[in-house]
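Chemist: Dumping the structure here so I can ask a few things about it.
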Amino acid sequence: MRAGNYDGLSELAVKRALVCGVSGQDGAYLAQLLLGKGYRVWGSSRDAQIANLSNLERLGIRDDIDMVSMAQSDFRSVLNTLSRAEPDEIYFLSGQSSVGLSFDQPAESIESSTLGMLNLLEAVRFLGRPVRIYHASSSECFGDLTPGEKANELTPFRPRSPYGVAKASAHWLVTNYREAYELFCCNGILFNHESPMRPNRFVTRKIVSTACRIKAGSKERLKLGRLDVARDWGWAPDFVDAMWRMLQLDKPDDYVIATGITHTLQDFLAQVFVRLDMNWQDHVDADPTLYRPSDIVYSAGDPVKAAQVLGWRAKTDFHQMIELLVLGEMSHESKTI
């Protein structure tokens, strides 16, 4: 396979990439992107033989991925995986990914994100190979912002969930290893990004899937917690492109990846139902039991640095994202009938 140029970035040679968390939303889209650029892609899972690879199958790339079992909390397992895959680039996207679930399983959130990242960094340092590392940091590190404020790379961290604490800890590990050991490692501070591959436990997927079932004739009611929370929502396939760009530059650094535009959950909800020619108020009930112990009311990102250095901007706006989510859900439902 031949290398090529990409939006003015340096020429890309055929490379090997390890995607930790390849079966998730971001991992699947990233694997698809990397394969399109001629990479040999390895994907890790705790047990590759029984892993749910439906997202890879949905994209038609399941057979193009070299799967390997890796327990990220076990240093020896991580070291063995790196020795086997010999990656030029590593994308660490694994770990417990739900903010809500992290309140019920805080220890799992901390271990999977923080210890997993530490083992990966240590394994790379031990092997001494020139590996480039991307870490999936999170907007949850910032905590609650003042309405109208946009977080940038210098905004202080004030996480309000075990998930946010875990991500912030891993973020600073990456920064420390970059400065102390001169590893090429980057933090992508990604704000909310969606796709039809989101698990049902995410509120955005819950809204879209339930609304589509109601449109198809279901008599169920959609139960939701707070609707006033505001988020900066983007489209996942756009965001994985930013991950790749970070590892193509001459110098490692951290970048906020966001659209720069914020909407409330009620806005999201209303637009999904409008797209299906329904009024959300006829089908939605407030459920206080769904409130989190602590929640971020307002979150917004400032992607100026990403635009200036990476040449990256979100291509898909909020309304286009809603359209794609609904179409994706309807297509998925039709295939399961």
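Chemist: Give the number of residues within segment 76-124 that are of a type in the set (F, W, Y) and modelled with pLDDT of 95 or more. Give the steps one after another, and end with the answer.
Modeler: Pass one, segment 76-124, residues of a type in the set (F, W, Y): 91-92, 103.
Those left that are additionally modelled with pLDDT of 95 or more: 91-92.
Number satisfying all stated conditions: 2.
Chemist: Restrict the check to segment 93-107 and report whether at least one residue is out of contact with any helix residue (DSSP H, G or I) (no Cβ under 6 Å at 6 or more places or on another chain), of a type in the set (D, E) and either surrounded by 15 or more Cβ atoms within 10 Å (Cβ to Cβ) or not assigned by TED's automatic domain parsing to the domain that holds I257 (or both).
Modeler: Quick first cut of segment 93-107, residues out of contact with any helix residue (DSSP H, G or I) (no Cβ under 6 Å at 6 or more places or on another chain) only: 94, 97-98, 100-101, 103-105, 107.
Cutting the leftovers down to of a type in the set (D, E) gives us 104.
From what's left, either surrounded by 15 or more Cβ atoms within 10 Å (Cβ to Cβ) or not assigned by TED's automatic domain parsing to the domain that holds I257 (or both): none.
Scanning segment 93-107 turns up no residue that is out of contact with any helix residue (DSSP H, G or I) (no Cβ under 6 Å at 6 or more places or on another chain), of a type in the set (D, E) and either surrounded by 15 or more Cβ atoms within 10 Å (Cβ to Cβ) or not assigned by TED's automatic domain parsing to the domain that holds I257 (or both).
Chemist: Tell me yes or no: at least one residue of segment 14-36 is of a type in the set (S, T, Y), at pLDDT 95 or above and not in a helix (DSSP H, G or I).
Modeler: Taking segment 14-36 as the starting set, the residues that turn out to be of a type in the set (S, T, Y) are 23, 29.
After this cut, where a residue has to be at pLDDT 95 or above as well, the list is 29.
From the residues that got through so far, the ones that are not in a helix (DSSP H, G or I) too are none.
Scanning segment 14-36, I find no residue that is of a type in the set (S, T, Y), at pLDDT 95 or above and not in a helix (DSSP H, G or I), so the answer is no.
Chemist: Kindly evaluate F184 against the criterion of being out of contact with any helix residue (DSSP H, G or I) (no Cβ under 6 Å at 6 or more places or on another chain) and under 22 Å from I90 (Cα atoms). Give the steps one after another, and end with the answer.
Modeler: Values: out of contact with any helix residue (DSSP H, G or I) (no Cβ under 6 Å at 6 or more places or on another chain): yes; under 22 Å from I90 (Cα atoms): yes.
It is true that F184 is out of contact with any helix residue (DSSP H, G or I) (no Cβ under 6 Å at 6 or more places or on another chain) and under 22 Å from I90 (Cα atoms).
Chemist: Restricting attention to segment 136-169, report how many residues are touching a Phe, Trp or Tyr at 6+ places or on another chain (Cβ under 8 Å), part of a strand (DSSP E or B) and within 18 Å of L118 (Cβ to Cβ).
Modeler: 2
Chemist: Which residue pairs have Cβ atoms closer than 9 Å, lie 6 or more positions apart in sequence or on different chains, and pair a first residue in segment 55-76 that is in the same structural domain as D26 (by TED's automatic domain parsing) and part of a strand (DSSP E or B) with a second residue that is exposed (fewer than 15 other Cβ atoms within 10 Å of the Cβ) and not small (G, A, S)?
Modeler: Note: pairs meeting the criteria are M67/Q49; V68/R84; S69/D47; S69/Q49.
Chemist: Quick one: in segment 274-307, of everything that is in a helix (DSSP H, G or I) and not assigned by TED's automatic domain parsing to the domain that holds C141, which residue is farthest from A136 (Cα to Cα)?
Modeler: D282
Chemist: Then there's this: Of all residues in segment 278-337, which are at pLDDT 95 or above, small (G, A, S) and exposed (fewer than 12 other Cβ atoms within 10 Å of the Cβ)?
Modeler: Passing the criteria: none in range.
Condition check ((1) at pLDDT 95 or above; (2) under 20 Å from D287 (Cα atoms)) across all residues:
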| residue | (1), (2) |
| --- | --- |
| Y134 | yes, no |
| L145 | no, no |
| P162 | no, no |
| C212 | yes, no |
| R226 | no, yes |
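Chemist: Taking the options D238, D253, D228, name whichever one is acidic (D, E) and farther than 30 Å from C186 by Cα. Can you show your working first?
Modeler: On the way: D238 fails: farther than 30 Å from C186 by Cα; D253 fails: farther than 30 Å from C186 by Cα.
Just a single option satisfies the conditions, and that option is D228.
The values are calculated or read from the model by the stated rules, or taken from the named source; none is laboratory data. On a predicted model such as this, the values are computed, not experimentally measured, just so you know. When we count neighbours, we look across all protein chains shown, and the Cβ atoms used for this are built from the backbone with ideal geometry, even at glycine.
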